[in-house]
Amino acid sequence: MREEKKRSATDDGKSERSSSTGEAREPPRGTSSREGERRDTEPHEGKAPGHQGPTGVYTRLARVAQLAREHPERVLTTLAHHIDIELLREAHGLVRKDGAAGVDGRTATEYAEALEENLASLLERFKSGAYRAPPVRRVHIPKGSGSKTRPIGIPTFEDKVLQRAVLMVLEAVYEEDFKPCSFGFRRGRSAHQALETFWRSVMDMGGGVVLEVDIEGFFDSLTHSHLRSFLDQRVRDGVIRRTIDKWLKAGVLEGGRVMHPNEGSPQGGVVSPLLANVYLHHVLDTWFENEIKPRLTGRAFLVRYADDVAIVLESEGDARRVMSVLPKRFGKYGLRLHPEKTRAVQFRRPGPRGPDEKPGTFDLLGFTHYWAKSRKGAWVVKRKTASDRMRRALKKISTWCKEHRHCGVAEQHDGLCRRVRGHDAYYGITGNSSSLSTLRFWVRRIWHTWLNRRSQRGDMPWDRFNLLLKRYPLPPPVAVHSTFRHVASP
């Protein structure tokens, strides 16, 4: 009954953020059999806990989604009654059980020893307002291939359960509001769908000016007052809003001290990606679709995955105007664009006899995009693994080989194959075979290097290593995400 969803290979940590909106047992959106029905009042609570019939958890969430879809301008004031013991039980089943413990040190196994009592206590405190959000334990994970790190927040397990329950209700509302250009941490959407949408759109347009938008420290700069005003436009349920405020004010435990920042949303919380999407939905998505696109002279589109943004405009004049107003728009809401990473790239299809001016390249979601000739001689947008992602992957594999160099060869081979297949699970897209082969070339050299360091003799010559590779070969490159492409004629 429960169906595990693969986590994106772009997520370096094991935080709840990586699976906040796409885990198992996803609720239906309620758009099929109930499409034509209309409800003028908000849905009522279902039957007693444990009932999984027509008024079960997901049926009630489908009603909320239907109401949000049919009344996009309505402010919803009564949603907390959908969070009952039945929904908390379902939320508990969706929360990862292998995550790190929060500030209380309580594990999922310990919490499950008296699950019903714990959930009943959690529900009573949530409804009465007595629930106190504990501080989030902050850890730092490597960011990129350099020395920079990314802060990740680790809530307590009980806090994760409540955040998941609130998220399930809020998702039912906001999934009906979010724009099609938004892909990050949304149910049924992925980074590969964002990449494919971008590819098809830019091919149909024949290229243009690409605006790479990099928001500097977005999750640390998110302004609480603006977030509350955005939430006010759709959700004003007192119990849920009070709980969200507690999470924003809970504080961060780092280095033995609890800090209470006035802005930001700690990365790692279950509900944080949804709040981030709500923020950028108002700051960027709605503004671009409703105010910017009607004023443009040419075609344009936007693709956003969380805080990774790419805007493509057909007209250079439009691109200059949008580029000039973007910093002002983000600055109005407390956000700052990175002055070096935010740039405009000329990315037009070259002429049939070769480019008069070589088009630029840019990175999006771990891939470098560039124009090149297809086998049939047409100019197409191709994608390869970004250089920083390649270096990061090879660095991790080198570290693993170093730590396991004294293990048996068969065990090392099994570990390397799992890591290579894991890399392919994200980067294995149509047209990226060259980068996948390059990864394998360097993995072989790294493996040979560390096999040579098993002893002081260094007795692994290349001819012997090549014989070993025949017995223990690495898996061949596989286009895991292979899609049909119709390419315009040159």
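Residues that are of a type in the set (F, W, Y), within 25 Å of V235 (Cβ to Cβ) and open to solvent by less than 20 Å² (accessible area, probe 1.4 Å) are absent from the stretch 101-119 altogether.
The set of residues in the stretch 96-136 being without any contact (Cβ under 8 Å) to a residue 12 or more places away in the chain and in a loop (DSSP other than H, G, I, E, B) consists of G105, E113, A114, A130.
Please specify each residue of the stretch 431-459 satisfying the condition of being assigned to a loop (DSSP other than H, G, I, E, B) and not polar (S, T, N, Q).
Within the stretch 431-459, G431, R453, R454, R457, G458, D459 qualify.
Applying the condition of being part of a loop (DSSP other than H, G, I, E, B) and over 21 Å from the mean Cα position of the chain (by Cα) to the stretch 251-276 and asking which residue is farthest from V322 (Cα to Cα) yields G256. Among the residues of the stretch 277-297, those identified as open to solvent by 10 Å² or more (accessible area, probe 1.4 Å) and in a helix (DSSP H, G or I) are H281, H282, T286, W287, E289, N290, E291, I292, K293, P294, R295.
Yes/no matrix, rows are residues, columns are (1) assigned to a loop (DSSP other than H, G, I, E, B); (2) open to solvent by less than 10 Å² (accessible area, probe 1.4 Å); (3) over 30 Å from A130 (Cβ atoms):
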position	(1), (2), (3)
F178	yes, no, yes
Q193	no, no, yes
I240	no, yes, no
I244	no, yes, no
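Of all residues assigned to the stretch 195-218, at least one qualifies as being in contact (Cβ under 8 Å) with a residue 12 or more places away in the chain, open to solvent by less than 10 Å² (accessible area, probe 1.4 Å) and under 15 Å from S272 (Cα atoms).
The rows are residues; the columns are (1) in contact with a helix residue (DSSP H, G or I) (Cβ under 9 Å, 6 or more places away or on another chain); (2) modelled with pLDDT of 95 or more; (3) over 18 Å from N466 (Cα atoms); (4) open to solvent by 40 Å² or more (accessible area, probe 1.4 Å).
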residue	(1), (2), (3), (4)
S387	no, yes, yes, yes
W400	yes, yes, yes, no
D414	no, yes, no, yes
C417	no, yes, no, no
A425	no, yes, yes, yes
T438	yes, yes, no, yes
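With respect to the conditions (1) part of a helix (DSSP H, G or I); (2) under 23 Å from G207 (Cα atoms); (3) among the β-branched types (V, I, T), V303 falls short on a single one, namely (1).
Name the single residue that is modelled with the highest pLDDT among those in the stretch 365-385 being over 21 Å from I311 (Cα atoms) and open to solvent by 50 Å² or more (accessible area, probe 1.4 Å). Applying the filter and picking the extreme gives K373.
The values are calculated or read from the model by the stated rules, or taken from the named source; none is laboratory data. Computed from a predicted model, the values in this text were never measured in an experiment. Heads up, the Cβs are rebuilt from the backbone with ideal geometry, glycines too, and the neighbour counts pull from every protein chain shown. Quick note on the areas: whole protein, heavy atoms, side chains included, nothing else; ligands and nucleic acids left out. Shrake-Rupley method; radii C 1.70, N 1.55, O 1.52, S 1.80 Å.
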